[in-house]
1. Test of understanding: among 198, 205, which residue is farther than 27 Å from residue 484 by Cα and either without any contact (Cβ under 8 Å) to a residue 40 or more places away in the chain or not assigned by TED's automatic domain parsing to the domain that holds residue 409 (or both)?
2. What tally of residues in the range 418-454 results from selecting those that are surrounded by 18 or more Cβ atoms within 10 Å (Cβ to Cβ) and under 14 Å from residue 373 (Cβ atoms)?
3. Which of the residues that make up the range 67-88 are within 23 Å of the chain's Cα centre (by Cα) and buried (at least 22 other Cβ atoms within 10 Å of the Cβ)?
4. Please pick out the residue among 128, 66, 85, 60 that is in a loop (DSSP other than H, G, I, E, B) and in the same structural domain as residue 190 (by TED's automatic domain parsing).
5. For the range 180-190, how many residues are touching a strand residue (DSSP E or B) at 6+ places or on another chain (Cβ under 7 Å) and crowded, with 24+ Cβ neighbours inside 10 Å?
6. Quick one: residue 463 ticks every box in (1) in a helix (DSSP H, G or I); (2) closer than 22 Å to residue 50 by Cα bar one, so which box is it?
7. Assess whether residue 269 counts as being in a loop (DSSP other than H, G, I, E, B), in contact (Cβ under 8 Å) with a residue 40 or more places away in the chain and within 29 Å of residue 155 (Cβ to Cβ).
8. Determine whether residue 91 is in contact with a strand residue (DSSP E or B) (Cβ under 9 Å, 6 or more places away or on another chain) and surrounded by fewer than 20 Cβ atoms within 10 Å (Cβ to Cβ).
């Protein structure tokens, strides 16, 4: 779009704000730069009014399609300097569930447009006078593109999410967890420095040593303190292949005991995750097509017998130098575990293929029209002390008995000492806690049933005294947010006052503008 067209769109935006939202922004200044590509048409508004969850619809008044970080900076500065600032939400892949990526009566910034104008915003470098490597990444970049770019150098980050088609800025604003987290920590624990646009419209570079309050606040900060425009991620030598094994259990105690044992071993497995197999949560699902048809028949017979089967999934990385030892190492690591005899399943795949395993399932569902549906997901961190009660109360007495589950259910242990408590992310106060993900899909007709199950599970935790914390949290009141952050609340509130005093950023979280 040419400059004249952009000027027209910007002018229309100002007129629109002036005529329809004078109560929101007051007297609109002509300061807004003409070159900003801002759209207010129905299609643009509708495209950013919901998120991956498809549970809510929240209407902004405009959408910014930035061509540079400066465009984002100018918009935030314009809002901050307005008589009555309007809310702004930075939208990546909008992989939230309850409208966290939306901006009611405000402006949504389509961050992925930055990649359209600057496709080279992934740069691999080495530290001066050091053999350490890192990658500078635009906040709008997808983790898959980071993997592809770094792997060309034989390098890769060490901490991932199970699904790679998420933006760097999005996962760093939440945590970024997967089966590697027990060893390498979440993605927020693997960041060297960042460039941030604060709620004051200032571009700030921050790290553990420089502007550390902003650095720690933004990591896991749910977008409350700034918009990530660049992150520097450390790299390690990338493996070529992985040994990928799944083991089945019918006893939850043995299943969790073995998981906790495996994450305690130095130089053991590189990835440990667990999941549930139930009648409506089959062995193969959108997350991974691992089992052969004959294996699925065998596993389904176990499900009929036991109701719930627990699947332990482990991975060992290797390359040309370690290939001759990997089978022996695998045998030693699996020795003495309490899985069901005869129910061991193994694959060998490339490192990139393993990390990108979820994408194939997504594409298959998209082809069938089954991906763009409501996703009433619930993600929790459950302390180790409560995981046995959680299994009985949530997995057995709610999910299994009600038989409504449709989708993947994850449960795997994480170590607290791999998280930095100075960051905004909130986790249980125990050395080991479990990441539990109810990654379920519904339809327009039945998603509320699954959402009500989520609420029932949360009520069960509260009644049973299980001090679980929501990951990707969603609350409706200030009191609930204060309880969620606990001892971190005062620091979180002080950082908001320091970096976004007019409460412009990430309004969809509902933390400082909750009902």
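1. Answer to the check: 205.
2. 7
3. 72, 87, 88, listed by residue number.
4. 128
5. Count: 3.
6. (2)
7. yes
8. In short, no.
The values are calculated or read from the model by the stated rules, or taken from the named source; none is laboratory data. Owing to the predicted nature of the structure, the values given are computational and were not obtained by experimental measurement. Heads up, the Cβs are rebuilt from the backbone with ideal geometry, glycines too, and the neighbour counts pull from every protein chain shown.
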